[in-house]
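First comes the structure, then the notes that go with it.
The values are calculated or read from the model by the stated rules, or taken from the named source; none is laboratory data. No experiment lies behind these values; they were computed from the predicted model shown. Because the Cβ atoms are built from the backbone with ideal geometry, glycine has one as well, and the counts that use them run over all protein chains shown.
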Amino acid sequence: MPTANPIDFLFKFEVMKIQIINGPNLNLLGVREKSIYGNTDFESYLTELRNRFASLEIEYYQSNIEGEIINKIHEVGFNFDGIVLNAGAYTHTSVAIADAIAAVKTPVVEVHISNVYKREEFRHHSMLAASCKGVIAGFGMDSYRLAIESLTTA
Ligand code: DQA
């Protein structure tokens, strides 16, 4: 019977991988509609998140283009442990992103910085939520932290 090799154990121990995906106009955080989205740009907040979750690998991707968001979901959706997705306005319109979320194995948490239910009626409906593990909205940037907590705690 083979004996357990501690080196094998070390190499087999894998860090949890979380992909954050931000959709359209979220490259303008800190500049755009500050009374709704706050003063912080996402890169500064990302540094805080990575410090807080130092034991995780947190990747970040932003695109204003629907197909690129879908490509990223396909790319990470079979090998990452979780996806935190703020699809911006595509949340309310995109059947294609909903299909991409349903097509992959990695659980997706939908996040919103603002409380979309306090805003215009067209923001009250999400095309994506039914394909997601859950939805977190209205906690400002902290919505991303809460989403990571929900993906990494059993
Ligand atoms: C948002 C809410 C969406 O309705 C809006 O289109 C966004 C940002 C949020 O994070 O609050 O771009 O997803």
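For the range 1-29, the set of residues classified as more than 30 Å from residue 104 (Cβ to Cβ) and either of a type outside the set (A, V, I, L, M) or at pLDDT 95 or above (or both) consists of 2, 3, 5, 6, listed by residue number. Taking the criterion of being within 10 Å of the ligand (Cβ to nearest atom) and within 23 Å of residue 15 (Cα to Cα), the residues of the range 112-154 that qualify are 143, 144. Evaluated against (1) more than 16 Å from the ligand (Cβ to nearest atom); (2) touching a strand residue (DSSP E or B) at 6+ places or on another chain (Cβ under 8 Å), residue 96 falls short on exactly one condition, (2).
Scanning the range 77-93 for residues that are more than 10 Å from the ligand (Cβ to nearest atom) and either crowded, with 16+ Cβ neighbours inside 10 Å or under 16 Å from residue 148 (Cα atoms) (or both) yields 77, 80, 81, 82, 83, 84. Those helices (runs of 4 or more DSSP H) of the range 22-93 in which at least 3 residues are under 19 Å from residue 138 (Cβ atoms), considering only elements entirely within it, cover 34-37, 42-52.
Condition check ((1) farther than 13 Å from residue 73 by Cα; (2) outside any strand (DSSP E or B)) across all residues:
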{"site": "98", "(1), (2)": "no, yes"}
{"site": "117", "(1), (2)": "yes, yes"}
{"site": "122", "(1), (2)": "yes, yes"}
{"site": "126", "(1), (2)": "yes, yes"}
{"site": "136", "(1), (2)": "yes, no"}
{"site": "144", "(1), (2)": "yes, yes"}
{"site": "149", "(1), (2)": "yes, yes"}
